[in-house]
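Quick notes on the structure that follows.
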Amino acid sequence: MTVAPTRPYSREDWSSAFVNVDEELTDVALIPVRGTIPSELKGTLYRNGPGRLERNGHRVHHPFDGDGMIAAMRFENGAVSLTNRFVRTEGWLAEEKANKVLYRGVFGSQKPGGRLANAFDLRLKNIANTNVVRLGDQLLALWEAAEPHALDPVSLETRGLSRMDGVLKKGEAFSAHPRFDAGHHDRPRMVTFGVKAGPRSTIRLMEFATDGPDAGVLLNDRSDSFPGFAFLHDFAITPNWAVFLQNAISFNPLPFVTGEKGAAQCLASQPGGKGRFWLIPRDCGRFAGQKPRILEAPDGFVFHHLNAFEDGDHVVVESIVYDDFPSIGPDDDFAQVDFDSIPEGILHRCRLDLSREMVQTERIANRTCEFAMVNPQRQGLSAQYAWMAVAERDIGNDPLQAIQKLDLSSGDTSTWSAAPRGFVSEPLMVARPGASAEDDGWVLDLVWNGARGASDLVILNAADLSEAAVLELPLAIPHGLHGSWAASV
C-alpha cells in the first residue's frame, strides 16, 4: 500500500489569502513583534498584486485577474510605515461605480451572464496588478499587455496611464518584468520590452535612464521580428545581450472570441514544438546594430529567469523550468488546485555557445522554487548566490512556504521557513549600503500568515537567513506577484 506524503500545510490556510483587500491605509506604523528593524534599511518596499478578487458576489476565476493594489512599506530611522492603494484604472473606476463586473479577465474570469454575455467582447481591462517599480519621480504599476499606470511614489495616488513621454502608442504592450542594469556601461538603466505577438512576433527593446534629472528618458530603442508566436513574461540581460526564451506555445483565440475561455487559457504547449533562445544585441554593448542570434532551447516552459551572464563567447542563462505550461482550466477552482497535478518549477542553467550555436543544460537544484533573484549589483554578471521562494518539502510540488539562499557554485543552502501556517511571496534582496560581500544585506518578504488571516513583513539577514525582524501588518494582502525596493536618495 502506498502511503500519501504528509503535507506541510493546510489548504485552508493557503486559500484563506484569496480575499478582497477591504481598506486603504496611510502611514500606519508597523511595530516588530520579534527582532529589530535594521537602521541601515532606508527606502521603500513596494509590492503589487491582485487586491480585489470578488465584486457584488461575482468572484474572479483566477487571482491574476484581480485588480492591482500597491502596498508600500517605508523604512526610515529604524521604523516602518505602511500605505496601500488600489490603482485607479479606468476599469476599476467603472466597476466601482457600477458595483458589478463589467470586463472579462485574461485568465478566464467572465462577466455574469454565461457564454453569450461574454462572446465577442474582446476588451481587455488594464488591471495594473503585476509589478511596481520606481522610475524618477513616478511609480509605475505594470501590466504587460498595455501601458503602465503612473502613481505618486509617496501617496500612491494614481496619476493616470503613462505613455512614457510619448515613447508608447495607445495600448502598446510594456513588460511587467523590467531588468535593472546597475551600470555595466555609462550609467544605470532600466531595460524592458514590449511584445506584439502573432504568427510572426516583434520585440521592442527599450532602455531608460534611472538616475539624475533625466530619469525616465529613453536611451535606446530597437525592434526585431522573429518567426512564431511569442509568449514572454520575463527576460534576462547581460552587458551585451537581452536574452528571451520563446516557449513552444501555440495560441488558438477562437474559444476566447466565443466566450468559452480567457485569452491565457487559449495557450497550450505545441506537441513536438521546440523553444528558441532569442538574443538581441543591446545598443549600448559591443554588438550594437548586429542581428539577433537564435538558438534552439531545451524542452520545458519558463516564466522567470534568475540571471544571465557572459563567459567568453558563451552566454549562461539560469531559469526556473517547468515540464509543461501550467494553467487553470475553465472548470477548475484556483483555490482548490491540486499541486500534484501541475508541474513544479526547478532551477536550471543553460550554457549558450554562440560560436558553435550549441546549448548545454543542467539542473542546479531539486527543490520546487519560484521568484528567484541575485544581488541587484550582480544582475547580468556571474553571481555566487541566489535567493528564492521554495516549497517546504525537499521534493514535490507544494505552495511556496520558505525562503532559500543557494550557493550557485557549491550547491550549499540556507533556509528560513514560514511553515506550517505561513506562505511566502517573492523575496527581495537589498544590499547593505557600501557592502563588499555579495550576500551582505537583507531579504525582505511579505508572508501570508494563515494563523492570523493577515500578512507579515519578514526581514532576514541575507548571509544566513537568520531572522532580523517580523512585523505584523493590519491588513490581509492576497498572494501577490512582483515588487521592488527603492532606496532613499
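Rounded to the nearest Hz, the phi-derived 3J(HN,Hα) couplings of the range 171-178 under the Karplus curve 6.51 cos²θ - 1.76 cosθ + 1.60 (θ = phi - 60°) are x, 6, 5, 9, 3, 8, 9, x, where x marks glycine and proline.
Secondary-structure-derived ellipticity at 222 nm for the chain, considering helices only, amounts to -1000 deg cm²/dmol, per-run term -39500 (n - 2.57) for DSSP H runs with n ≥ 4. The orientation-averaged projected area of the convex hull spanned by the Cα atoms of the range 65-154 comes to 7.0 nm². Put in line by how crowded their Cβ is, counting other Cβ atoms within 10 Å and starting with the fewest, Met388, Met190 read Met190, Met388. For Gln138, neighbours were defined as the other residues whose beta-carbon sits under 15 Å from its Cβ, and their charges (Lys and Arg +1, Asp and Glu -1) total -2.
Measuring nothing but how far apart in sequence close Cα pairs (under 8 Å, 6+ apart) lie, relative to its length, the range 260-383 scores a relative contact order of 24 percent. Amide H contacts for Ala454 (H built 1.01 Å from N in the peptide plane; partners 5 or more residues away or on another chain; cut-off under 5 Å): Asn449. Normalised by the number of residues in the range 11-487, the mean separation of alpha-carbon contacts (under 8 Å, six or more apart) gives a relative contact order of 15 percent.
Ratio of Rg to Rh for the chain: 0.93 [Cα atoms; Kirkwood radius as inverse mean 1/r over pairs]. Within a straight-line Cα-Cα reach of under 30 Å, Lys405 can be paired with the following lysines, leaving aside sequence neighbours fewer than 8 residues apart in one chain: Lys42. Using the Karplus relation 6.51 cos²θ - 1.76 cosθ + 1.60 with θ = phi - 60°, the per-residue 3J(HN,Hα) values for the range 463-471 come to 5, 10, 6, 5, 7, 8, 6, 10, 10 Hz, with x marking Gly and Pro.
Over the range 254-374, the alpha carbon radius of gyration divided by the compact-protein estimate 2.2 N^0.38 Å works out to 1.28.
Expressed as a fraction of 2.2 N^0.38 Å, the C-alpha radius of gyration for the range 1-85 is 1.49.
Between the range 348-419 and the range 253-320, the alpha-carbon centres lie 19 Å apart. Since only Gly434, Pro326, Val390 are under comparison, the one whose Cα sits farthest along the positive direction of the charge dipole of the range 11-487, derived from C-beta charges on Lys, Arg, Asp and Glu, is Pro326. Its residues counted as N, the range 264-312 yields a C-alpha radius of gyration over 2.2 N^0.38 Å of 1.48. Measuring between their Cα centroids, the range 183-229 and the range 110-168 lie 19 Å from each other. For the range 323-386, relative contact order (Cα pairs under 8 Å, six or more residues apart, normalised by length) works out to 23 percent.
Pairs spanning more than 19 Å between alpha-carbon atoms, out of Lys111/Lys170; Lys169/Lys261; Lys111/Lys169; Lys97/Lys170; Lys97/Lys169; Lys125/Lys261: Lys111/Lys170; Lys169/Lys261; Lys111/Lys169; Lys97/Lys170; Lys97/Lys169. Residues whose amide H comes within less than 5 Å of that of Leu25, counting only those at least five positions distant or on another chain, are Asn84 (H built at 1.01 Å from N in the peptide plane).
Any read-out appearing in this document is the output of simple, stated calculations on the displayed coordinates, not a laboratory observation. Just so it is clear, the model here is predicted, and its values are computed rather than measured. As a convention, Cβ positions derive from the backbone with ideal geometry for all residues, glycine included, and neighbour counts pool all protein chains shown.
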